[in-house]
Amino acid sequence: MGIGIKKAFAVFSTFFLTLAVASPCRYLDDAPVVEAIIPSLLHLNHLKFLNVDATVYRHTLTKGSLPRLSILEYSSAPIIEVNTAGNEVIISTKGNSCVAAMGGDRSDAHLSSKARSSFFITTLFALAAAPNLKSLGFLSLIAIGILSYKADAAGVDECTPSMKVVLEAPPYYLGSVDECFAEVSNPDHCPEDFPAFETCSDPSPSCELAVVGAGTSGLYTAMRLVEEDKFSAKDICIFEATERAGGRIYSLRGFGPEHDITVDAGAYRTWPEFTPTTHALIEKLGFQMECYEDEDPCQKFNIIGDNGEKIGFASFVEEMLRILVDKGACFFPRHELISIDYEDDESKLLVFANGVSASAKELILNMPQRPLLQVMRKSSLQLEVDEESRIFDSLHSVQTEIVTKLYLYYNNSWWHDLGLTNGDFEMPGDARNMVVKGRYHDGHVKCGEDGSCYGFLLADYVHDFGGEQSQFFRRYQRDRPEPVTIISNTDIEGRAFLNHAHNRLVEFHRYENENADYTGFQAQTVFRKQDPPEFAVLATWNIATFGAGGGWHHWTDLDNVDKAMKPMNELGIHVINEAYSKLQGWAEGALLLADEVLEEFFGVLRPWDFDAPDYLQFVAQTTSEACNEVEDETAANSGGGDSGGGGGTVDLCFTEDALVIMADGTTVRIDEVRVGDLVSTGFPGETGRITNVLVHKVGSTQHASNKVEVVVISSAQYGDLIGSPEHPIFVNGRWMEMQEAIDVGVFDVSDMLAMRTTETIDVFYNLEVDGNKPGNSSHSYVVNGIIASGLGDNEVLNTMFARQKAWKAKA
Ligand SMILES: Cc1cc2nc3c(=O)[nH]c(=O)nc-3n(C[C@H](O)[C@H](O)[C@H](O)COP(=O)(O)OP(=O)(O)OC[C@H]3O[C@@H](n4cnc5c(N)ncnc54)[C@H](O)[C@@H]3O)c2cc1C
């Protein structure tokens, strides 16, 4: 192989690269499809094209099938050689005019050491057969992308023989279950298969409605359209890149001795006050829920089965798919959309990575930002330049956040032995030392009759834009885009990881956990007989994650949200998804945007009734206009206040002597801080920039007099903090209004005392921190030692940050 082909193969990865090769020869008319069975998966490691430009589509076979090649179209009769000894499959051409024009057949090209060659390859990878496979006889793999090879042996380059090849193999994108069997030698550390659905496999389906992306938003939209008789289920095609339903709601089941323990690697809970649509939808689908953590009243919920055990948050999404499939909808898993084109005036042509082309009269894309961008880059929608720019501006106006979750599986849930069944825990880490940021109540734990318990502990749940918090975990992510990695004690690296993770927890619980109600001696006793975890479920949601490209999204320019949402509807392409919604980071956003599209373009109105007010809710905040235009006040503030929240809003302010803690730890009076100053947000290591100082004159037309109700919090360290009763503050691990903090007695047990009273106030102050920049900080600042909301009056930002129990509905 004088031209260095060997080096280019055997890449264990899943990326693909599209490279244009000049002047492919015209395909022969009516040439029959040429097919070949490939005897072993190993041959796919060495698939070579000689003197041929080939477009290779992957296609996934059902598990257990032999891989095969189909050459659908070609310009010169193909020759397929299988070299069993060398584990090679070589595809070449011979004896047609096109090849002749190029100066020879495969051998010529192959042997010519002087050949100018350009060689582009994207990946192929193989997996060796593994022992102990639960459900398969062997491991599977996938061939990806577009592969092309051009050997320009004689320097005559009029055209290069060309082919369209479908490479079919059991999938490389296996989902965590089969990946686990490939990598972990103890099958008990692997989850059970994902729920199966009846699927369709038409190579050129024709769909009245195509929904791409079997996540929450896509399936909800399809289900609603069927419920409202807008489409017959039989006319709906649901295309999904992976083999599962759920997208970023990703439940793994069947762990533990009874194979009944569940982990949610993605989304895991509803919060009815904040995510009422999701909660109502889950109830409507007939699921029961239990309190996520020990709180009274309960605010957040997990899905449970009839036996009261967690069954995985994906259950409701799977149920929607089941309903659709039962009614006749066609589910096409492992169909990764790669481009959209116009078929004719009526229909779009959808091309999938496996070679399937579908036609769709209506198209709904439920795809997160990064996969959607990949598709749009390859699509030809024949747009004016301005229109193209507008669409890409819209698609670019969100960015993803990197999220990592780590669940450790213990045969004995030692945290219960220490009385730790509820609450969060945290210890900083770095690239060498695992950050500890978990929750005692989150993992699924089962207890036997003898009181002994086993199951998962959520040891880490970290997220940020830069991925700094996730840096320790990067090295454990495998070279594939599946978000879930099972780290088992059956291999050396896994053992080292599990020991390290365990030691970090021991360190925290023996020496650092000042808030816990046990002694160091008790901890030592518990840990002395405690083995490290047996295995871990690591979920890494980042740029490389297939079909997701990150954990969740944030708008980068909140002023353009309305323009950027629904960017392609006039082209008959409806984008739904959490990515471009007004409540990012939550399934609620996915449903809300779906509802908007359903109403606006399909005439389907919101289905459910809620206890909560209308869904567009936000935290009332002091509005910059109202505050700054102190002389131009028009609205009377009858217990409501400023207009920033859009109705029934309130003054959320402090008096001028409130001391703000700056980023460098110094304190400055709130009336002396300036726009651009860096403040501490009160959250570990985080700072925020002041984007507005809101000045609110009292005793004008806004207030009948300058005598107003306030809360006074006295602290020996800082003196009195005087603020409005509704201002959201962060105490005891959650946001509440200052009045609520008094009501629940927060300050009675600290060195601060609080009371509600009437004061004469001339001017109130509030800060907007990183206004309009969602990812920059927690939008908070610290006054007199208390974390206060600094959200300002940005409506979208306020939908994204739950600050108050009592949200004000948009009028
Ligand atoms: C770790 C984590 C925790 C979370 N916690 C919560 C929570 O507790 N509560 C909550 O409400 N929300 C939570 N969320 C957010 C929630 O998961 C998402 O908002 C929601 O699942 C988004 O649903 P969606 O339908 O918009 O998109 P997705 O779930 O991303 O669905 C998109 C689908 O499109 C498919 N797809 C992508 N590209 C292609 C392609 N080219 N061709 C075909 N198919 C494609 C994907 O595989 C996927 O199935 C969490 C998210 C993460 C990552």
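The values are calculated or read from the model by the stated rules, or taken from the named source; none is laboratory data. Owing to the predicted nature of the structure, the values given are computational and were not obtained by experimental measurement. Note that each Cβ is placed from the backbone with ideal geometry, even for glycine, and that neighbours are counted across all protein chains shown.
List of remarks:
- Applying the set (1) under 27 Å from the mean Cα position of the chain (by Cα); (2) farther than 30 Å from residue 329 by Cβ to residue 368 leaves exactly one unmet item: (2).
- Among the residues of segment 217-238, the one identified as more than 9 Å from the ligand (Cβ to nearest atom), of a type in the set (Gly, Ala, Ser) and buried (at least 21 other Cβ atoms within 10 Å of the Cβ) is 222.
- Here is the figure for segment 408-443: residues that are assigned to a strand (DSSP E or B) and touching a Leu at 6+ places or on another chain (Cβ under 6 Å) total 3.
- Looking only at residues of segment 265-291 that are buried (at least 20 other Cβ atoms within 10 Å of the Cβ) and closer than 19 Å to residue 407 by Cβ, we find that the one that is farthest from the chain's Cα centre (by Cα) is 269.
- Put simply, of 241, 245, 280, 214 the only residue that is farther than 13 Å from residue 320 by Cα and either near the ligand (Cβ under 9 Å from one of its atoms) or free of Cβ contacts under 8 Å to residues at least 12 places away in the same chain (or both) is 241.
- Of everything in segment 310-362 that is surrounded by 21 or more Cβ atoms within 10 Å (Cβ to Cβ) and of a type in the set (Phe, Trp, Tyr), the residue that is modelled with the lowest pLDDT is 352.
Residue-by-condition table, conditions (1) at pLDDT 95 or above; (2) assigned by TED's automatic domain parsing to the domain that holds residue 468; (3) farther than 23 Å from residue 515 by Cα:
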| position | (1), (2), (3) |
| --- | --- |
| 407 | yes, yes, no |
| 412 | yes, yes, no |
| 415 | yes, yes, no |
| 419 | no, yes, no |
| 429 | no, yes, no |
| 433 | yes, yes, no |
| 440 | yes, yes, no |
| 450 | no, yes, yes |
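- Strands (runs of 3 or more DSSP E) contained entirely in segment 316-362, each with at least 1 residues that are more than 15 Å from the ligand (Cβ to nearest atom) and without any contact (Cβ under 8 Å) to a residue 60 or more places away in the chain: 337-342
- Strands (runs of 3 or more DSSP E) fully within segment 25-83 that include at least 3 residues being modelled with pLDDT of 85 or more and either of a type in the set (Gly, Ala, Ser) or crowded, with 23+ Cβ neighbours inside 10 Å (or both): 68-74.
- Qualifying residue in segment 348-355 (condition: over 26 Å from the mean Cα position of the chain (by Cα) and of a type in the set (A, V, I, L, M)): yes
- Listed conditions (1) surrounded by fewer than 21 Cβ atoms within 10 Å (Cβ to Cβ); (2) at pLDDT 95 or above; (3) not small (Gly, Ala, Ser) are all met by residue 302, apart from (1).
Conditions tested, residue by residue: (1) more than 16 Å from the ligand (Cβ to nearest atom); (2) outside the structural domain of residue 316 (by TED's automatic domain parsing); (3) under 14 Å from the mean Cα position of the chain (by Cα).
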position: 563; (1), (2), (3): yes, no, no
position: 566; (1), (2), (3): no, no, no
position: 573; (1), (2), (3): no, no, no
position: 589; (1), (2), (3): no, no, yes
position: 596; (1), (2), (3): no, no, no
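- Exactly one residue out of 744, 708 is more than 27 Å from residue 679 (Cα to Cα), within 38 Å of the chain's Cα centre (by Cα) and not aromatic (Phe, Trp, Tyr), and it is 744.
- In segment 150-169, the qualifying residues are those that are assigned to a loop (DSSP other than H, G, I, E, B) and at pLDDT 60 or above, and the one that is farthest from residue 48 (Cα to Cα) is 158.
- Among the residues of segment 363-401, those that are near the ligand (Cβ under 10 Å from one of its atoms), at pLDDT 95 or above and not in a helix (DSSP H, G or I) comprise 365, 366, 367, 368.
- Members of segment 529-551 found to be buried (at least 24 other Cβ atoms within 10 Å of the Cβ), within 10 Å of the ligand (Cβ to nearest atom) and either under 14 Å from residue 394 (Cα atoms) or of a type outside the set (Gly, Ala, Ser) (or both), listed by number: 540, 541, 545
- Considered as a group, the residues in segment 598-627 that are modelled with pLDDT under 90 and either within 16 Å of the ligand (Cβ to nearest atom) or of a type in the set (Gly, Ala, Ser) (or both) include one that is surrounded by the most Cβ atoms within 10 Å (Cβ to Cβ), and that residue is 620.
- Of all residues in segment 248-266 being among the β-branched types (Val, Ile, Thr) and in contact with a strand residue (DSSP E or B) (Cβ under 6 Å, 6 or more places away or on another chain), the one that is nearest to the ligand (Cβ to nearest atom): 263
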